[in-house]
There are 2 protein chains.
Amino acid sequence: MKLLDLYAKMKGDLNQIEQELERSVSDDHALLREASTHLLKAGGKRIRPVLVLLSGKFGDYRLERLKSVAVPLELIHMASLVHDDVIDDAETRRGQLTVKSKWDNRIAMYTGDYIHGKALSIATQLPNPDIHRILSKALVQMCIGEMEQIRDFFNTDQSVRHYLLRIRRKTALLVAISCQLGALAAGADRETSNKLYRYGYNVGMTFQIRDDLLDLYGTEKQIGKPPGSDIRQGNITLPVILALRDERVREPLLKEIGSIRSQDGFPDTKRAISLIRSSEGGNLADELANQYIKKALHALEGLPDIAAKKNLVDIAHFVGKRNY
Amino acid sequence: MKLLDLYAKMKGDLNQIEQELERSVSDDHALLREASTHLLKAGGKRIRPVLVLLSGKFGDYRLERLKSVAVPLELIHMASLVHDDVIDDAETRRGQLTVKSKWDNRIAMYTGDYIHGKALSIATQLPNPDIHRILSKALVQMCIGEMEQIRDFFNTDQSVRHYLLRIRRKTALLVAISCQLGALAAGADRETSNKLYRYGYNVGMTFQIRDDLLDLYGTEKQIGKPPGSDIRQGNITLPVILALRDERVREPLLKEIGSIRSQDGFPDTKRAISLIRSSEGGNLADELANQYIKKALHALEGLPDIAAKKNLVDIAHFVGKRNY
């Protein structure tokens, strides 16, 4: 089944989640409502809610309960985007003005705080302390990941392991717990929810590696913005770390990165990108992404052969596919 | 009993909370640890933990359980200070460099996020979903209060009611739930926890009104920084709102506030302060603070006459006392 067909099939339940998302940020305060709804309207693939719903199929599927984890997970993701935009000084996201450019950094900071709080407060509608615990712990880890990313800006000495640990916190964990909490909210047993956690974790890792590759190998049309925005802001991603291991590329690339770092405004990243592309960095990162997909598929083994399992397999293949 | 004696009496339990506070922010990540510990070392009166412990005396007092709400409440207060300092552009707090001046705004933003997450995750150690719900809802309300404060900067048309609603969210709510959650964590009945909530709410309102008065009527030595910092950043507090009702003062004060608003850097607030002091604003605000203290004391009626009740009465009187 194609991914679009899957969305079509799940449309009814996803719409309900969408309505709940809107409701969740629209009942409190005019400015926050405007800032959050604005963000909500910018859309997104709602991949976390999709994973919650599919994982819920491995237990007693009840939309009311699943909503109470799907909405918080998507909200936490949205809050991280708002705070990211403060850090990245981003003016637009998905073609819409960001909260920080439409209002200012202070509003963006409190919008993020508000959405975090709202997310956790919605989850507490479920009388399941385990779910609250998993969610708030993930929030802590995500913050650590975000801080690490700032600290590691322009750090050309970082290891692959270091990068992987960072994206684990920054991205993979929230995807992992989307699957885990979907299963738990549906009352699935611990073995099932653990398998789904591992599936989500590995899909999340692949997703971030693919996203980092896209920023260096995609066209402006594919990315939606000029390539190289990661390296421009100092975010040293996997293909760069691997390219720096290539003796022919290392010295000139270090020089380019140093030059990007020293420039204000919008430094040209063309030469850096072409150096990276001339190395083996992309292929090696690609291989690693494929390994994570294998692990994701492996994690599903032993789960009952229901339609949702096939859907999760399709999603893994879709996320794992080269998109440039 | 004097307040110092009360702290002396509670020293053992407060020390354990202090250790837990330190532990809570020191096990994750070097930079966050440094930023948070730095904040922790700046100290504070730990009034929220004190109220948790005293409220816990109205139930089955068990420090282990009370710690799991006292630490999150103090952490949420700390996180709000970190994010406040971003907004206020504050370089120091309680004589120490702020997180945002020692590192930068981005680190301050994520330190606040991290501490929020950590707070909620510690509270989830108690298997009591009600407590999680109350805590996360308070976080949402606090964010709204903070946003309102930004939106209301230099708004000289606000009503007293509007001001009271804002400080309710910004300050009083967290004090109120400190009492409520202390009681709930100790298994006290709902009537007791509701009474304590009302006590805390009214003490919190008084505290904020007193704090706002101090900033206008205190000396630099009493405040720890030059007076008038609220009005300098555009925060229109109760005495100002009331002074603006005074026909002799209104026009020149509006002019002064306009002039403060138009200046960069560190505008002189001397004339504005002397205008406010020449009005009835201070006395009227004072009266309102006293009314809240009366309500706080009234809320305690019907609670058993244990030592903790007497301590709460003392705290109310202390908070209600003129401090300038």
- Task: Compute the Rg to Rh ratio over the protein assembly as shown from the alpha carbon atoms, using the Kirkwood formula for Rh, and round to two decimal places.
- Result: 1.00
- Query: In a shell of Cβ-Cβ distance under 11 Å around B:VAL71, excluding B:VAL71 itself, what net charge do Lys and Arg (+1) and Asp and Glu (-1) give?
  - Reply: +1
- Item | Rounded to the nearest 20 debye, dipole of chain B from Cβ charges on Lys, Arg, Asp, Glu | 560 debye
- Message: At R0 = 60 Å, how high is the FRET efficiency between B:LYS294 and A:LYS45 if r is their beta carbon distance? Nearest 0.05 is fine.
- Response: 0.60
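Among the trypsin sites (Lys or Arg not before Pro) within the stretch A:235-324, which fall in a DSSP loop and have no more than 14 other Cβ atoms within 10 Å of their own Cβ? Mind dumping the intermediate values first?
Values: sites: A:ARG245, A:ARG248, A:ARG250, A:LYS255, A:ARG261, A:LYS270, A:ARG271, A:ARG277, A:LYS294, A:LYS295, A:LYS309, A:LYS310, A:LYS321, A:ARG322; in loops: A:ARG245, A:LYS321, A:ARG322.
Here the sparse-neighbourhood loop sites are A:ARG245, A:LYS321, A:ARG322.
Hey, any idea what Rg/Rh is for the stretch B:3-321, computing Rh the Kirkwood way over Cα pairs?
On the way: Rg = 19.8 Å, Rh = 20.3 Å.
Ratio value, two decimals: 0.97.
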- Task: Identify, among A:LEU126, A:SER178, A:ILE150, the residue whose Cα sits farthest towards the positive end of the charge dipole of the stretch A:124-236, taking +1 on the Cβ of Lys and Arg and -1 on the Cβ of Asp and Glu, with the dipole about the Cα centre.
- Result: A:LEU126
- Treat the stretch B:116-264 as a sphere of radius equal to its Kirkwood radius over Cα pairs and apply Stokes-Einstein at 4 °C in a medium of 1.567 mPa s; give the translational diffusion coefficient in µm²/s, rounded to a whole number. 75 µm²/s
- Using bins 10 angstrom wide from zero, how does P(r) for the stretch A:200-307 break down, in % of all Cα pairs? 14, 40, 27, 12, 5, 1
- Task: Could you work out how far the C-alpha centroid of the stretch A:216-268 sits from that of the stretch B:48-90, in angstrom?
- Result: 44 Å
- Item | Teacher prompt: B:ARG23 distances to equivalent labels in other copies, 7 Å Cα→Cβ, nm | 4.1
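Among the chymotrypsin sites (Phe, Trp or Tyr not before Pro) within the stretch A:116-225, which fall in a DSSP loop and have no more than 16 other Cβ atoms within 10 Å of their own Cβ? Let's see the in-between values first.
On the way: sites: A:PHE153, A:PHE154, A:TYR163, A:TYR197, A:TYR199, A:TYR201, A:PHE207, A:TYR217; in loops: A:PHE153, A:PHE154.
Within the stretch A:116-225, the qualifying chymotrypsin sites (Phe, Trp or Tyr not before Pro) (loop, at most 16 other Cβ atoms within 10 Å) are A:PHE153, A:PHE154.
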- Query: Once the Cβ-Cβ distance between B:THR156 and B:PHE318 is put in as r, and R0 is 30 Å, what FRET efficiency do you end up with, to the nearest 0.05?
  - Reply: 0.40
- Pairs from B:LYS45/B:LYS170; B:LYS45/B:LYS137; B:LYS225/B:LYS255; A:LYS45/A:LYS321; A:LYS221/A:LYS310 whose Cα-Cα separation, in the structure shown, is over 26 Å: A:LYS221/A:LYS310
- How long are the semi-axes of the ellipsoid equivalent to the stretch A:263-324, from square roots of 5 times the Cα gyration tensor eigenvalues, in whole Å, largest first? 36, 13, 8
- Tell me, what is the FRET efficiency for A:LEU165 and A:LYS255 to the nearest 0.05, using R0 = 30 angstrom and their Cβ-Cβ distance as r? 0.60
- Item | the stretch A:3-321: relative contact order in percent, alpha carbon pairs under 8 Å with at least 6 residues between | 18 percent
- Note on the structure: Per GNM of chain A with C-alpha springs under 10 angstrom, the most fluctuating residue out of A:VAL69, A:VAL313, A:VAL50 is A:VAL313
- Item | Label-to-label distance, nm, for residues given as B:ARG248 and A:LEU63 (7 Å Cα→Cβ offset) | 6.7 nm
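On average, how many beta carbons from a partner chain sit within 10 Å of the beta carbon of a residue in B:223-233?
Details: counts 0, 0, 0, 0, 0, 0, 0, 0, 0, 0, 0.
Partner Cβ neighbours, averaged per residue: 0.
We did not get these values from a lab; they are worked out from the coordinates using the rules stated. Predicted, not measured: the structure shown is a model, and the values here were computed from it. Neighbour counts run over all protein chains shown; Cβ positions are idealised from the backbone, glycine included.
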